[in-house]
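Asks: The structure follows.
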Amino acid sequence: MRWVKKICLGIAVILVLMCLSFGSILFFAYKQGPPPIMAKTETILYDRYDQSIFQNKTKTTPLKLEDISSDFTDALLVTEDKDFYKHVGFDFKRMLKAVMNNIQAGALKEGASTITQQLAKNLYLSNEKTFERKLKEAFYTIRLEMFYDKETILATYMQSIYFGHGIYGIEDASHYFFQKDPKDLTLAESAMLAGIPKGPTYYSPLNDETRATERQHFILSKLREGKVIQEADYVMAKQATLTFERAENDLSSARTYFTDYTLKEAADILHMSEQQLLQQGLHIYTTFDPSIQDHAEQAVHTYMTDSELQIGTVTMDVQTGAIRSMIGGKDYAESSFNRTIHANRMVGSTFKPFLYYAALEHHFTPSSVLVSKPTAFTTSEDTLYEPGNFNDYYANGPITLMTALALSDNIYAVKTNVLLSANTVIETTKKFGITAPLPNVPSLALGTASISLLEMTNGYRTIANSGKFAQSYTIEKITRPDGKVLYEHASEEEQVLDERKNYILIDLMKGMFDERLNDYMTVTGASISPMLTREYAGKSGTTDADSWMIGFSPTLVTGVWTGYDQNTTIQVNEEKLIAKKVWAETMERAHETVEEEAFQKPDGLVEKVIDPKTGLLATEQCEVRRTAYFEKGTEPTTYCSDEQTNVNIPFWQLFLHSST
């Protein structure tokens, strides 16, 4: 009995201390007074000239609950916090259930935050997962429940949630997606909008309508199960056809692809959600160049007005990797899906510079000769692979690497890939920052890999930057309103390519615009050569469903992709030229105020005038002569003549001459 009395006394003391502690917390919370119901913050994005390109203004006056459709209120409650009106800010039953489920799963998979807790976090705190932050969240939750009624808390929460696309709060979301006031939302529209905040990137109908509709149907089923709506309402809402009539505003221009991407990058850097980022009142200084963006948008407008194709474009600073402009689609108002970032497409012949850099690492030179004629290759599955050239044009004889790249000869490329091995090429491609999985097949030489435009363009930027790799980026600096720097970009440049071989590759990539090389068929850049007023290097590529053009000067690199979202075949030949034309106009106009400069040639190279057809030193009798660069000791020593077309060809190349 003595021990029982001691235990009871101990429990009583603990309970008294707990009550006193809780009472003290409540008293302190009361003395602090009501927290500001809407945090007045403004997140601003600036371009490279410190001019504002995006401002997010947090609402300073909350809506009243009667200003919002009851259908949206019901949909949000059944999704986020069905016992909202029963608890006092903390749902202890739900918390216990979440703890048990997480223990059972062996991971933190389920949360139990109430709407009041989420509002406290949204308005006043960051997303950091620390014990201190959770304590502050609990304290703000107590203050909110103490000083505001449930209706005010709920209406304020609805104005604090993020719907993606820079849209913040149910009022703007309702206008943005459906062009109506929130009180006029239908049940189907309400369920669709209520599903977005769980993951704006995934559940926005403008990003993925199928996934968003599945989420909408889930919410409707929860409303039916909870007897909030009748079966007839459920069926009608599920079958309703929704039209997304996004309102025109400052977010519907093509540059919003850039701001969307930048906000996500900033959120990742600061380890918080985009919603919380927009509530911090931060100043984000970006790499954006409005002039280059305008040039790109004008080029898209000029060449794509009458086309149903989609497009992606990106321009970067060669030396730093700073992204100067970005377009992720033909019309942001129709589709916010960013094809520059998120669409991995077959790259076609734009892959060949990576292949030929690998060849240069394995003793190829601009004069290396292989035979271009119809050829069958045996794959690892013992099947025959028979690539072809555009319009079935073949040299039906030996051609040089210089000519093969300028004409985009497919037979030469596949033979090179087979000779080096696809594994060697894949490993070399990683030096350019290509992380997408690449197939170990002969056709890899022709770009049967799917890679994003951003990754491909940054790979070309590595070439333009004398073989130095750095990740592309959009953010120079992030500061608080008081000027405290939270993040500042630091370049981490790495020399990944041999400078001499890289310079030889740059010189070879100029060949696509050199119409003197039209021995067997037209060089791939002939259609846009008249538009260009300075020297560029680049490569185009086409597949049945994709058209690419990526090229650079010593200052800027631009990549352009066009195609259909559903991989539909591009039937119209004129449409296959759009990517090149958009690239040419963007680059030309972007360079109007830039002084022309030459690519920096490293030491250890020798310059020779050669015959592009044979790869031998040119004489006055050669029809075409072109300057080429060689590492010292690898240059040709024999002059071309009618009788000497195969002089100085290595044995392995002679073997390939006779292969089929």
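The values are calculated or read from the model by the stated rules, or taken from the named source; none is laboratory data. Here the structure is a predicted model, which is why all the values come from computation and not from measurement. Reconstructed Cβ throughout: ideal geometry from the backbone, glycine too, with neighbour counts over all protein chains shown. In case anyone asks, the SASA skips ligands and DNA or RNA and just uses the protein heavy atoms, side chains included. Shrake-Rupley method; radii C 1.70, N 1.55, O 1.52, S 1.80 Å.
Asks: In this structure, does VAL441 turn out to be among the β-branched types (Val, Ile, Thr) and touching a Ser or Thr at 6+ places or on another chain (Cβ under 7 Å)?
Replies: Taking the combined requirement at face value, the residue satisfies it.
Asks: Sticking with this one: Could you look through segment 179-206, keep only residues that are open to solvent by 10 Å² or more (accessible area, probe 1.4 Å) and β-branched (Val, Ile, Thr), and pick out the one that is nearest to the chain's Cα centre (by Cα)?
Replies: THR201
Asks: Oh, and also: So which of THR58, THR79, THR73, THR116 ends up being surrounded by 15 or more Cβ atoms within 10 Å (Cβ to Cβ), closer than 30 Å to ASP184 by Cα and at pLDDT below 85? Even if it seems obvious, please write down each step before you answer.
Replies: Numbers: THR79 fails: at pLDDT below 85; THR73 fails: at pLDDT below 85; THR116 fails: at pLDDT below 85.
Within the list THR58, THR79, THR73, THR116, the selection yields THR58.
Asks: May I pose another question? Cβ-Cβ distance below 9 Å, separation of 6 or more or different chains: which pairs start in segment 486-500 with a residue that is at pLDDT 95 or above and end on one that is of a type in the set (S, T, N, Q) and open to solvent by 90 Å² or more (accessible area, probe 1.4 Å)?
Replies: From segment 486-500, the pairs are GLU499/GLN600.
Asks: Would you confirm whether any residue within segment 629-647 is of a type outside the set (D, E, K, R), closer than 26 Å to THR558 by Cα, surrounded by 11 or more Cβ atoms within 10 Å (Cβ to Cβ) and modelled with pLDDT of 90 or more?
Replies: Of the residues in segment 629-647, the ones of a type outside the set (D, E, K, R) are 629-630, 633-634, 636-641, 644-647.
Now drop any that are not closer than 26 Å to THR558 by Cα, which leaves 629.
So of that shortlist, the ones also surrounded by 11 or more Cβ atoms within 10 Å (Cβ to Cβ) come out as 629.
Checking the rest, the ones that are also modelled with pLDDT of 90 or more come to 629.
Among the residues of segment 629-647, at least one is of a type outside the set (D, E, K, R), closer than 26 Å to THR558 by Cα, surrounded by 11 or more Cβ atoms within 10 Å (Cβ to Cβ) and modelled with pLDDT of 90 or more, which makes the answer yes.
Asks: Scan (1) touching a helix residue (DSSP H, G or I) at 6+ places or on another chain (Cβ under 9 Å); (2) open to solvent by less than 70 Å² (accessible area, probe 1.4 Å); (3) farther than 20 Å from GLU66 by Cβ; (4) not acidic (Asp, Glu) for the single condition TYR176 breaks and write down its number.
Replies: In the conditions (1) touching a helix residue (DSSP H, G or I) at 6+ places or on another chain (Cβ under 9 Å); (2) open to solvent by less than 70 Å² (accessible area, probe 1.4 Å); (3) farther than 20 Å from GLU66 by Cβ; (4) not acidic (Asp, Glu), TYR176 misses (1) alone.
Asks: Follow-up question, since we're still on this one. Taking the conditions exactly as written (of a type in the set (A, V, I, L, M, F, W, C) and within 29 Å of HIS295 (Cβ to Cβ)), does PHE244 satisfy them or not? Before you say what the answer is, go through the steps one by one.
Replies: Details: of a type in the set (A, V, I, L, M, F, W, C): yes; within 29 Å of HIS295 (Cβ to Cβ): no.
It is false that PHE244 is of a type in the set (A, V, I, L, M, F, W, C) and within 29 Å of HIS295 (Cβ to Cβ).
Asks: If you don't mind, there's one more thing I want to ask. Go through segment 140-158 and report how many residues are open to solvent by 10 Å² or more (accessible area, probe 1.4 Å) and either hydroxyl-bearing (Ser, Thr, Tyr) or under 13 Å from GLN32 (Cβ atoms) (or both). Before the answer, list the steps.
Replies: Pass one, segment 140-158, residues open to solvent by 10 Å² or more (accessible area, probe 1.4 Å): 140, 142-143, 145-152.
Subsequent filtering for residues that are either hydroxyl-bearing (Ser, Thr, Tyr) or under 13 Å from GLN32 (Cβ atoms) (or both) retains 140, 142-143, 146-148, 152.
Selection size over segment 140-158: 7.
Asks: At pLDDT 90 or above and either assigned to a helix (DSSP H, G or I) or within 23 Å of HIS165 (Cα to Cα) (or both): is that true of ILE103 in this structure? Talk me through it step by step, then tell me what you get.
Replies: Numbers: at pLDDT 90 or above: no; either assigned to a helix (DSSP H, G or I) or within 23 Å of HIS165 (Cα to Cα) (or both): yes.
Here the answer is no, as ILE103 does not meet what is asked.
Asks: I would also like to ask the following. Checking the conditions here, which among THR286, THR313 is of a type in the set (S, T, N, Q), closer than 30 Å to LYS484 by Cβ and modelled with pLDDT of 90 or more? First the steps, then the outcome.
Replies: Working: THR313 fails: closer than 30 Å to LYS484 by Cβ.
Exactly one of THR286, THR313 is of a type in the set (S, T, N, Q), closer than 30 Å to LYS484 by Cβ and modelled with pLDDT of 90 or more, namely THR286.
Asks: Just for segment 604-624: of the residues that are touching a residue at least 24 places away in the same chain (Cβ under 8 Å) and assigned to a loop (DSSP other than H, G, I, E, B), which one is most open to solvent (accessible area, probe 1.4 Å)?
Replies: Quick first cut of segment 604-624, residues touching a residue at least 24 places away in the same chain (Cβ under 8 Å) only: 604-606, 608, 610-616, 624.
Now drop any that are not assigned to a loop (DSSP other than H, G, I, E, B), which leaves 604, 611-616, 624.
On the way: GLY604: 34, ASP611: 18, PRO612: 1, LYS613: 107, THR614: 17, GLY615: 2, LEU616: 7, VAL624: 27 Å².
Selected residue: LYS613.
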